[in-house]
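Okay, so here's the structure we're looking at.
The values are calculated or read from the model by the stated rules, or taken from the named source; none is laboratory data. Remember, predicted model here, so these are calculated numbers, not experimental data. Glycine gets a Cβ as well: all are built from the backbone with ideal geometry, and neighbour counts include every protein chain shown. Note: areas computed on protein heavy atoms with side chains; ligands, DNA, RNA excluded. Shrake-Rupley method; radii C 1.70, N 1.55, O 1.52, S 1.80 Å.
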Amino acid sequence: MSKPIRVQPTFMAPLPLGNQSFGNPPLSASKGKGYDRANSRLVKDIVENGDVALSHQQMVEMEDVKCGNQKLADINASVRIAVGLDVHLGGKENVSALKRDGSAKKHGATKNEDKNEKDWRVPSIRVVDLVPAEVKRRTGFRDLPSLLSYVAVVCGGDISLMVDTASKLTWLEEWTIYFEMSYGRSLIRFCDYIKSYDSSVNPVRRVFRAKLALVKAARKRWPMYASYTEDAAFRREEWNGHFDQESGARIVMHDNTNINLPSPSDADLQRALWSDYYGGCVAKGGVALQLCGWIRAIELCTGAIGDSDYIDAVEILKEQKIFAEMDQSSSSGFLNIFDKGYRCVIKAKAEGQQCLQPVFAKSDEQFRAGETLYSGCVAVVRSGNERAVNRCKMSWFLKRGTTDQSWDHAVLADEWLGWGFQVNFMYDKCL
């Protein structure tokens, strides 16, 4: 007897294909029920009557959401867009198919067709996320008000410049990227920024350069040093025991530090960048500190340059002469406190400035008692310069230096100046 034949029928149900299929999300958002449509008409009337009424309506609606009286997701998306409520609080599902103008996002849109992504994307950083601990971890600032205060200083109080963007990211995301990259501790690689901010390499670079240009312009607007009146008012009282306050001398401590650079293949570049003191190829930058705590980073030079030649190259003494002539709060010049490696006494005197340095010992001769005490006094009053250098090296972006020769060293030099300006608004004064 033959075995029965089993036939498995093929399931012939139609597959959901095409833009009109129920398997795809709708191309347009629902306008909601009659109550939602009535609210939309009411909002349009409010907008036509003026911005003050609209702002009041926004405040009332969002206050209900914060208090838990109603959920933002319960409000129809078209109503939220019309009234200008924060459509990002509900998550991606609330805005994935909508733009702020109410139109649907096209399926399969190309990059050229998706230029308005800035209008509907979900920000990776919101104000409510930036609690003090998170701001400190990312940027080094103690809290968000301190960060925004510095942004206001950089932009000169211009709100339109503060909120101006160079990419699809929000203005808060762009400033966070700049400060996070300058601080250099939470995110190190470009792929980390791409993942965290849902962006790509070129926009991140463009954002950093744009904000760095603003910081550099702000540094140029501010005076090089604090005036003598400001310096005397904000310095600690104990410094008046070391320096006569009535003399009107502007006290500035100087020191140098290094920024690591990769070893170039060219022999001349290798010779110009190599520093025996630091044991590698570096860029050498100066740090100036006043008694009131004001820090100023001085331009980078090649590592092979000597300390005295560095002072000549950046023309610090000439700039001090110009500043002293313009500052009417004191008729005295600058008193520069240097280490032994600086041989600038004659050049400083030619520019009307003074120097204070430890005593140089002659060959095979010991220090006399007075010379030892004098050098010790100089070391005591010059102890603050190392603290200023430490502030300038708090940026791990600068502390790491560059890792390969493809880096734009002009950006590194600008960041050194920008960070030296920023530390005055981030930390307590170091003296």
* Single unsatisfied condition, residue 243 versus (1) outside any helix (DSSP H, G or I); (2) open to solvent by 10 Å² or more (accessible area, probe 1.4 Å); (3) under 27 Å from residue 397 (Cβ atoms) -> (3)
* Asked: Only one of 214, 289 is assigned to a strand (DSSP E or B), modelled with pLDDT of 90 or more and out of contact with any Phe, Trp or Tyr (no Cβ under 6 Å at 6 or more places or on another chain); which?
  -> 289
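Listed here are the residues, each with its yes/no results for (1) in contact with a Lys or Arg (Cβ under 9 Å, 6 or more places away or on another chain); (2) modelled with pLDDT under 90.
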{"position": "340", "(1), (2)": "no, yes"}
{"position": "344", "(1), (2)": "no, yes"}
{"position": "357", "(1), (2)": "yes, yes"}
{"position": "374", "(1), (2)": "no, yes"}
{"position": "380", "(1), (2)": "no, yes"}
{"position": "392", "(1), (2)": "no, no"}
{"position": "407", "(1), (2)": "no, yes"}
{"position": "417", "(1), (2)": "yes, no"}
{"position": "430", "(1), (2)": "yes, yes"}
* Of these, 255, 231, which one is outside any helix (DSSP H, G or I), closer than 30 Å to residue 354 by Cβ and charged (D, E, K, R)? -> 255
* To do: Go through (1) under 30 Å from residue 233 (Cα atoms); (2) assigned to a strand (DSSP E or B) one by one and return the number of the condition residue 311 breaks.
  => (2)
* Search result, residues across segment 302-338 that are in contact with a Gly (Cβ under 9 Å, 6 or more places away or on another chain) and either modelled with pLDDT of 95 or more or of a type in the set (Ser, Thr, Tyr) (or both) -> 308, 310, 329, 330, 331, 332
* To do: State which residue is farthest from residue 238 (Cα to Cα) when the search covers only segment 368-407 and only residues that are within 36 Å of the chain's Cα centre (by Cα) and small (Gly, Ala, Ser).
  => 406
